[in-house]
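Peer 1: Sharing a structure below in structure tokens format, with a few things to ask.
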Amino acid sequence: MDDWLNYHHLRYFWTVAREGGLRQAAEKLHVSQPSISAQIRELEDTLGEKLFRRQGRSNVLTDAGQIALRYADEIFALGRELTNAIKQRPSAQALRLHVGVADSVPKLVTHEILKPVFTLPRTVHVICREGKIEDLLAQLAAHRLDIVLVDEPASSSHRIRVFDHKLGESGITFFATAALATRLRRGFPGSLQDAPALLPAESTALRRSLEKWFLEIGVRPQVVADFEDAALMKVVAAEGRGFIALPSVVSDEASARFGLRAIGESDRCRVEFHAITAERRITHPAVNVITEEARVLFGK
């Protein structure tokens with residue numbers, strides 16, 4: 001027979017996690033600390049995992065506790081929605097979407113991919129976390145994220161089982177300040193030979209695509225700097241220090257936001273964008289919107 005989850009125990013755990021300790025939870029729930037401790041121990045026995053561990057004088061959530069907290073948030077949010085629905089009251093509870101974004105994905109592209117989520121009829125509370133792909137996939141496996149946005153397919157070398165959904169791909173447009181763009185536009189792409197270049201970090205998919213294309217057309221720019229922070233790269237470009245390369249799908253937005261001018265475009269130099277999920281079948285409505293609307297964004 002399956003174990004039944006005692007939601008009374010779950011609420012005690014949830015309150016301790018949210019309030020930051022037994023004392024605060026006891027004051028909020030108007031019960032004794034030993035009573036709360038006993039309820040949480042029973043919940044841990046049911047789940048077969050410790051939900052808290054000692055760190056100094058404090059209790060902090062274990063990995064299992066983090067997962068339990070996320071589910072508890074959703075469970076009690078649904079409970080409030082049920083009450084509102086039965087009482088025919090409009091619900092202000094937003095749907096939560098936890099998004100991981102690889103730090104190599106341009107911010108403008110991330111914005112375009114997420115934009116449809118903010119126009120859904122139901123309010124969506126988007127929580128974005130940026131980081132290295134390996135760290136984000138670990139959070140995805142622990143159910144702390146619903147989706148991870150990356151600029152290359154999920155590698156089979158990752159020890160975590162995930163599912164890759166290609167959102168689309170884009171050619172590359174090269175930008176610079178007006179004066180530099182005017183000079184480099186003549187004879188593009190050969191004009192990039194020895195031209196000052198501000199490039200993304202060597203570890204990124206965009207940099208690898210650029211290097212391959214430069215080699216194919218026999219052009220070697222003068223690399224002034226490379227950046228892990230794409231925002232800083234655009235600031236330096238705006239000072240006229242060199243040209244930059246961005247996905248063509250956001251070329252209009254890049255010109256409007258940063259005051260840069262297009263030098264030229266290459267469809268032979270391309271970059272891909274992917275969504276990674278922990279499950280093959282997408283069930284989260286906001287994630288489904290992202291993958292569906294990406295076909296329009298990338299012209300698939």
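The values are calculated or read from the model by the stated rules, or taken from the named source; none is laboratory data. Nothing here was measured: the structure is a model prediction, and the numbers come from that model. Note: ideal-geometry Cβ built from the backbone for every residue, glycine included; neighbour counts use all protein chains shown.
Peer 1: Restricting to region 49-61, count the residues that are at positive phi and at pLDDT 90 or above.
Peer 2: 0
Peer 1: Here's something else I'd like to know. Pairs, please: C-beta under 7 Å, at least 6 apart or cross-chain, first residue charged (D, E, K, R) and in region 21-37, second assigned to a helix (DSSP H, G or I)?
Peer 2: That search, which allows pairs on different chains as well, returns 23/33; 28/15; 28/19.
Peer 1: Now a separate question. Looking at region 242-277 only, could you name the residues that are outside any strand (DSSP E or B) and either modelled with pLDDT of 95 or more or closer than 19 Å to residue 214 by Cβ (or both)?
Peer 2: Of everything in region 242-277, those that are outside any strand (DSSP E or B) and either modelled with pLDDT of 95 or more or closer than 19 Å to residue 214 by Cβ (or both) turn out to be 242, 248.
Peer 1: Additional query: Somewhere in region 89-101, is a residue of a type in the set (A, V, I, L, M, F, W, C), modelled with pLDDT of 85 or more and touching a Ser or Thr at 6+ places or on another chain (Cβ under 8 Å)? Even if it seems obvious, please write down each step before you answer.
Peer 2: Keep residues of region 89-101 that are of a type in the set (A, V, I, L, M, F, W, C), which gives 92, 94-95, 97, 99, 101.
This time we only want the ones that are modelled with pLDDT of 85 or more, so: 97, 99, 101.
In the following step, the residues that additionally are touching a Ser or Thr at 6+ places or on another chain (Cβ under 8 Å) were identified as 101.
Yes, the conditions are met somewhere in region 89-101.
Peer 1: Sticking with this one: Being more than 12 Å from residue 104 (Cα to Cα) and among the β-branched types (Val, Ile, Thr) is the filter here; which residues of region 198-226 pass it?
Peer 2: Within region 198-226, 217, 219, 223, 224 meet the criteria.
Peer 1: Right, another one. Looking at residue 23, is it charged (D, E, K, R), surrounded by 15 or more Cβ atoms within 10 Å (Cβ to Cβ) and modelled with pLDDT under 90?
Peer 2: Numbers: charged (D, E, K, R): yes; surrounded by 15 or more Cβ atoms within 10 Å (Cβ to Cβ): no; modelled with pLDDT under 90: yes.
When the stated conditions are applied, residue 23 does not pass them.
Peer 1: Looking only at residues in region 161-179 that are in contact with a helix residue (DSSP H, G or I) (Cβ under 9 Å, 6 or more places away or on another chain) and under 22 Å from residue 225 (Cα atoms), which one is surrounded by the fewest Cβ atoms within 10 Å (Cβ to Cβ)?
Peer 2: This residue is 177.
Peer 1: Something else now. For region 288-297, does any single residue satisfy the condition of being over 26 Å from residue 173 (Cβ atoms) and in contact (Cβ under 8 Å) with a residue 24 or more places away in the chain?
Peer 2: Here is the first cut: in region 288-297, the residues over 26 Å from residue 173 (Cβ atoms) are 288-289.
Within this subset, residues satisfying the condition of being in contact (Cβ under 8 Å) with a residue 24 or more places away in the chain are 289.
Yes, the conditions are met somewhere in region 288-297.
Peer 1: Something else: Within region 174-203, track down each residue that is without any contact (Cβ under 8 Å) to a residue 24 or more places away in the chain and assigned to a loop (DSSP other than H, G, I, E, B).
Peer 2: Passing the criteria: 186, 187.
Peer 1: Separate question: Pairs only if they're at least six apart or on different chains, beta carbon under 8 angstrom, first in region 62-73 and more than 14 Å from residue 11 (Cα to Cα), second surrounded by fewer than 17 Cβ atoms within 10 Å (Cβ to Cβ) and modelled with pLDDT under 90; list them, first residue then second.
Peer 2: 62/53; 63/142; 66/142; 67/142; 67/143
Peer 1: Give the number of residues within region 101-129 that are of a type outside the set (S, T, N, Q) and under 24 Å from residue 171 (Cα atoms).
Peer 2: Summing the residues that are of a type outside the set (S, T, N, Q) and under 24 Å from residue 171 (Cα atoms) in region 101-129 gives 14.
Peer 1: To continue, here is another question. What's the total number of residues in region 109-124 that are at pLDDT 90 or above and in contact with a Leu (Cβ under 7 Å, 6 or more places away or on another chain)?
Peer 2: 4
Peer 1: So, one more: Which is assigned to a loop (DSSP other than H, G, I, E, B) and either surrounded by 15 or more Cβ atoms within 10 Å (Cβ to Cβ) or not β-branched (Val, Ile, Thr) (or both), of 42, 49?
Peer 2: Sole residue among the options that is assigned to a loop (DSSP other than H, G, I, E, B) and either surrounded by 15 or more Cβ atoms within 10 Å (Cβ to Cβ) or not β-branched (Val, Ile, Thr) (or both): 49.
Peer 1: Give region 204-239 a look and list any residue that's out of contact with any helix residue (DSSP H, G or I) (no Cβ under 6 Å at 6 or more places or on another chain), outside any helix (DSSP H, G or I) and farther than 28 Å from residue 299 by Cβ, or say none.
Peer 2: 218, 220, 222, 223, 224, 225, 226, 228, 229, 239
Peer 1: Is it the case, given these coordinates, that residue 254 is more than 30 Å from residue 292 (Cα to Cα), surrounded by 14 or more Cβ atoms within 10 Å (Cβ to Cβ) and of a type in the set (A, V, I, L, M)?
Peer 2: Details: more than 30 Å from residue 292 (Cα to Cα): no; surrounded by 14 or more Cβ atoms within 10 Å (Cβ to Cβ): yes; of a type in the set (A, V, I, L, M): yes.
Criteria not met by residue 254.
Peer 1: So, one more: Can you confirm whether region 140-156 contains a residue that is without any contact (Cβ under 8 Å) to a residue 24 or more places away in the chain and surrounded by fewer than 13 Cβ atoms within 10 Å (Cβ to Cβ)?
Peer 2: So far as region 140-156 goes, yes, one or more of its residues are without any contact (Cβ under 8 Å) to a residue 24 or more places away in the chain and surrounded by fewer than 13 Cβ atoms within 10 Å (Cβ to Cβ).
Peer 1: Right, here's the next one. Whether any residue in region 239-253 is farther than 23 Å from residue 272 by Cα and in contact with a Ser or Thr (Cβ under 7 Å, 6 or more places away or on another chain) is what I want to check.
Peer 2: yes
Peer 1: Another one. With 244, 290 as the choices, which residue is in the same structural domain as residue 100 (by TED's automatic domain parsing) and buried (at least 23 other Cβ atoms within 10 Å of the Cβ)?
Peer 2: 290
Peer 1: Keeping to region 115-141, report how many residues are in a loop (DSSP other than H, G, I, E, B) and either within 15 Å of the chain's Cα centre (by Cα) or basic (Lys, Arg) (or both).
Peer 2: 2
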